[in-house]
Amino acid sequence: MRIGAAVGPWWALAGFAAMMLEAIIRLSGHALHALQDPDLPTLLAYVFCVLGMVYAEGYRGFQQRFSPRFAERAHRIRTEPTLARVLLAPLYCMALFDAPRRRVVASWLLVAMIVLLIIIVRQFPQPWRGAVDAGVVAGLSYGLAATLYFSLRRLLSTAG
């Protein structure tokens, strides 16, 4: 399990980053499309959504809660590797299994809520969908940066 302990945390970080980048890139197209001919209400909606999501999703959700926990769980793969933790490292670090029952339930409920919100927002007409997508892109970008920061800081401080 030595190889898993060495590779697992980095697989967790790379897998998570890939999921986030895929969403950021995909949603950026919708966000930019709605800005082709913006009016004042559209611009205000964009500003409101971006600022709101950076604070709520990026700062409160990721920086204060998710990212530090993700980093600690990535470190735990290094110190307490199991086959499941290593193979499913991104999901393990997202607390989707092998965590206290309350945390696992909360994580899966969050995933379900995100899927439901995606289904709802897809029904929005432009430019409103674009404004929401711009906010999500901003929040996810902040969240990815926070997760990379906390994880790299934790993993590199214990390397060697």
HN-Hα J in Hz across the range 65-77 - Karplus 6.51, -1.76, 1.60, θ = phi - 60°, x for Gly and Pro = 10, 5, 4, x, 5, 4, 4, 5, 5, 4, 5, 5, 4
In a Gaussian network model over the chain where Cα atoms closer than 10 Å are linked, find which of Ala131, Ala18, Ala95 has the largest mean-square fluctuation.
-> Ala18
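Given the rule -39500 (n - 2.57) for each run of at least 4 DSSP H residues, summed and divided by the residues of the chain, what is its mean residue ellipticity at 222 nm, to the nearest 500 deg cm²/dmol? Intermediate results must be reported in sequence, preceding the final value.
Working: 7 runs with 120 residues, N = 160.
Counting only the DSSP helices, I get -25000 deg cm²/dmol.
Which whole-number percent gives the relative contact order of the range 72-119, counting Cα pairs below 8 Å spaced six or more residues apart? It would help to have the intermediate numbers written out before the result.
Working: 20 pairs, mean separation 10.8, N = 48.
So the answer I get is 22 percent.
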Calculated from backbone phi, Karplus (6.51, -1.76, 1.60) coupling profile of the range 137-154 in Hz, x at Gly/Pro | 4, 5, x, 5, 5, 4, x, 5, 4, 5, 5, 4, 4, 4, 5, 5, 4, 6
For the chain, what is the relative contact order in percent, using Cα pairs closer than 8 Å and at least 6 residues apart in sequence?
-> 47 percent
Would you please state which residues of the range 45-87 a label at Ala112 would reach in this model, taking the label point 7 Å out along Cα→Cβ and a backbone N cut-off of under 13 Å?
-> none
Using label points projected 7 Å from each Cα along Cα→Cβ, tell me how many nm separate Val105 and Glu80, to one decimal.
-> 2.1 nm
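None of the figures in this text is laboratory data; all of them are computed from the coordinates on show. Keep in mind it's a predicted model, so treat the numbers as computed, not measured. Don't worry about glycine lacking a Cβ; one is built from the backbone with ideal geometry, like all the others, and counts go over all protein chains shown.
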